[in-house]
Amino acid sequence: MQSVQGSPTVRRLRLGLELRLLRERRKLTGASAARSLGWSASKISRIESAKTMPAVDDIKAMGKLYKVDDEKLEELFSLLRDADQRGWWEDYEDALPEEYTRFLGLEAEAILHRHWEPQVVPGLLQTEAYAREVILATRGIVRITHSGVRSRVEARLDRQQRVIRRPDPPAFQAVVEESALMRRFGEPSVMREQMEHLIEASLLPQVSVRVLPLESLHPVNTGAFIHLRFKDFDDVVYLEQLYNAQFVEDLALVAGYETAFDHIRSEALDEDESRVLIQRKAMMWRR
């Protein structure tokens, strides 16, 4: 199947959400809908949560039960067709953790990306050499083959082209702690190139990069997180750990991360001051 710019992950979520809303409008519980259809309640749940792709006949059966008109039914079929397309990240599935591929699918249709990064330069702003060194740094702990390293680097570069460098890029805001600019990955030349690349990327019209200086009061004691905002459904926060990742979807918790990001950003240098500081770090890595 051909790869599409839109995200099949998001289409699956939208399809599941539409089916849940149609069921609820008929005041049916998942269990009662399942009984009427001769299905298990878990099948309804898995379709609505986008964990299982429904078949065309499943959509027809649910549409009949929910008394869906022809126009709405065709909309559901269109979502199903889009959801069955291949995402670009699926070329790298063998080398990437499952949670991360789901994140890439969500990221592809976010309209706003907000990254807080206290340890490394955000992946969407990394050079090839820096990305390779960051990935290699975990090889003594997490088992990654040589080909796996190569695939992860290629995926990271491909991701940059698909997100911040595509023709219609989303808004991108990053706050990076100053210590991340001083933590060496690879030779000094790798760091110098990364600093220069970071300045260049920060000049893109849709990109905002701010640095939280070491002397500032650290406003929130939290690790890295990515907050994604979407046009048609609720925001999601992505947390990545050493061996796994977590999605925060509870609205109250997501709002807390949004407040935390705003607070961190308010304590950071503005964009021009941040570029001056990054340039100083680039000079430091020339030594």
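Express in % the proportion of alpha carbon pairs of the chain at distances exceeding 24 Å.
57
Taking Rh as the Kirkwood radius computed over C-alpha pairs, what is the Stokes-Einstein D of the stretch 1-102 at 10 °C in a medium of viscosity 1.306 mPa s, expressed in µm² per second?
111
Which whole-number percent is the relative contact order of the chain (Cα, under 8 Å, 6+ apart)?
The normalised contact order for the chain reaches 19 percent.
May I ask you to list the residues of the stretch 72-113 whose amide nitrogen lies under 17 Å from a point 7 Å from Cα along the Cα→beta-carbon direction of Arg150?
What the label zone holds, given the 17 Å backbone N cut-off, is 91-96.
Student exercise: in the chain, how many lysine pairs 8 or more apart or on different chains have Cα atoms under 30 Å apart?
24
Just report the Cα centroid separation between the stretch 171-203 and the stretch 147-166, whole Å.
17
Where in the stretch 58-96 is the amide nitrogen less than 19 Å from a point lying 7 Å along the Cα-to-Cβ axis of Arg35?
Counting backbone N atoms under 19 Å from the label point, the list is 62, 65-67.
For the stretch 82-117 and the stretch 4-53, what is the centre-to-centre distance using only Cα atoms, to the nearest Å?
Each part's Cα centre sits 21 Å from the other's.
Enter the mean projected area of the convex hull around the alpha-carbon atoms of the stretch 141-194, in nm², rounded to one decimal.
5.5
At a threshold of 8 angstrom on Cα-Cα distance, excluding pairs fewer than six apart, so keeping six or more, what relative contact order does the stretch 1-94 reach in percent?
Once normalised by length, the contact order is 47 percent.
If I model a spin label at Glu215 and Val56 as a point 7 Å from the Cα along the Cα→Cβ vector, what separation in nanometres do I get?
Reported label-point gap for Glu215 and Val56 is 6.8 nm.
Tell me, what % of the accessible area of the stretch 84-183 is carbon and sulfur with a 1.4 angstrom probe?
So the carbon and sulfur contribution to the accessible surface is 43 percent.
What percent of all Cα-Cα pairs in the stretch 215-274 falls into each 10 Å bin, going from 0 up to the bin containing the maximum distance?
Answer for the stretch 215-274: a P(r) of 19, 45, 30, 6 percent.
What is the calculated FRET efficiency for Asp272 to Thr222, with r their C-beta to C-beta distance and R₀ = 25 Å, to the nearest 0.05?
Taking R0 as 25 Å, the efficiency between Asp272 and Thr222 is 0.40.
Calculate the FRET efficiency for Asp70 and Asp250 from the Cβ-Cβ distance with a Förster distance of 25 Å, rounded to the nearest 0.05.
Efficiency computed from Cβ-Cβ geometry: 0.10.
How large is the helix-only mean residue ellipticity at 222 nm for the chain, computed as the sum of -39500 (n - 2.57) over DSSP H runs with n ≥ 4, divided by its residue count, in deg cm²/dmol to the nearest 500?
-15500 deg cm²/dmol
Expressed as a whole percent, how much of the Cα-Cα distance distribution for the stretch 185-225 exceeds 15 Å?
62
How big is the shadow of the Cα convex hull of the stretch 85-181, averaged over all directions, in nm²?
It is 6.7 nm².
The values are calculated or read from the model by the stated rules, or taken from the named source; none is laboratory data. Bear in mind the structure is a predicted one, so any value in this text is a computation, not a measurement. So basically every Cβ, Gly included, is an ideal-geometry build from the backbone, and we count neighbours across all protein chains shown. Heavy atoms of the whole protein, side chains included, go into the accessibility calculation; ligands, DNA and RNA do not. Shrake-Rupley method; radii C 1.70, N 1.55, O 1.52, S 1.80 Å.
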